[in-house]
């Protein structure tokens, strides 16, 4: 037998000798066709949107003028306005996150296929789908129309969005739990509340806390956005400063928002590491 010959038996599976990156296209021709389609779509979309390039070019000098007037940032005698706006945003974020998780728990239990009857499941899932359809800004506009300008509209907006988001994530976690403990408790004659408390909660509590902390971090950022449409917080102060062409104060507000978001991100990372 030739020493250099392969010792693979006839019919045995042969493995490639060189590593090759996987491709989602299957062949170079398909990859080229895909990128040609993407390029053609971009050309069509930009042309159909009737983008005024002359207007865009005229906007660059205005942008430079705005940035020049934003620096150096200045607060002057507006410290009280800045602090009150930031405090209002933080209060809205924390309160809405707590209200959101309280509302999300029963909704998630109803939206879990392995716990709720089918009619209840479909109704809860339908509510979650409808709630996730609308962006926070649209919801904020609706609540501003109902309750007027101020933090009440912002609090309700973030609480509603948080409840829908947390309910969706919690329902999916409940549907992925091990069924053995649930069936064992049901076999003993345990009621629905006992099954949830002793079987479901221990399996989802860690993930739920992690998602809650993430949502709290997100609400810190969203609280600055909904204020632009009049739903309270520092966003309202920022919108007013731009309306008055008070660009140096607007820059100070933006830097403060960035610092608050960075602090919230740090807290979120620290808290998630602690509960792992």
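Segment 64-114 and segment 157-180 have their alpha-carbon centroids 22 Å apart. Per-residue packing, averaged as other Cβ atoms within 10 Å, sorts the ranges 131-139, 186-194 into the order 131-139, 186-194, beginning with the highest.
Which residue fluctuates most in the GNM of the chain (Cα springs below 10 Å): 237, 87, 157? Judging by the Gaussian network model, the answer is 87.
Over the chain, Cα pairs under 8 Å with separation of 6+ residues give a relative contact order of 25 percent. Over segment 121-275, what relative contact order in percent results from Cα pairs under 8 Å that are six or more residues apart? The value is 27 percent. Computed from the C-beta positions of residue 258 and residue 87 and an R0 of 22 Å, the FRET efficiency is 0.85 to the nearest 0.05.
For segment 173-254, the relative contact order works out to 16 percent when only alpha carbon pairs closer than 8 Å and six or more residues apart are counted. Straightening the chain between residue 98 and residue 248 buys 50.5 nm, computed as 0.36 nm per residue apart minus the Cα-Cα spacing. Counted over segment 142-276 with a bin width of 10 Å, the fraction of Cα pairs per bin, in whole percents, is 11, 28, 27, 18, 11, 4, 1.
Each of residue 135 and residue 198 was given a label point 7 Å from its Cα along the Cα-to-Cβ line. The distance between the two points is 4.8 nm.
Only Cα pairs within less than 10 Å get springs; with that Gaussian network setup on the chain, which residue of 207, 78, 58 has the largest fluctuation? Sorting by GNM fluctuation, first place goes to 58.
Which stretch or stretches of segment 243-268 have amide N atoms under 20 Å from the point lying 7 Å from residue 67's Cα along the Cα→Cβ direction? Correct set: 245-259.
From the largest down, the chain spans 90, 62, 39 angstrom on the principal axes of its Cα atoms. The protection proxy used here, the mean number of other Cβ atoms lying within 10 Å of each residue, ranks peptides 248-257, 45-54, 224-233 as follows, highest first: 224-233, 248-257, 45-54. Compute the distance from the alpha-carbon center of segment 244-273 to that of segment 193-225, in whole Å. Distance between centres, Cα-based: 24 Å. Helix-only arithmetic for the chain: the sum of -39500 (n - 2.57) across DSSP H runs with n ≥ 4, divided by the residue total, places the mean residue ellipticity at 222 nm at -25000 deg cm²/dmol.
Pick from 214, 198, 247: which is most flexible by mean-square fluctuation in a GNM of the chain where alpha carbon atoms under 10 Å apart are linked? Per the Cα network of the chain with a 10 Å cutoff, 198 tops the list.
Every read-out reported here was derived from the displayed coordinates using simple, explicitly stated rules and does not represent laboratory data. Bear in mind the structure is a predicted one, so any value in this text is a computation, not a measurement. Counting neighbours? That spans all protein chains shown, and the Cβs are built from the backbone with ideal geometry, glycine included.
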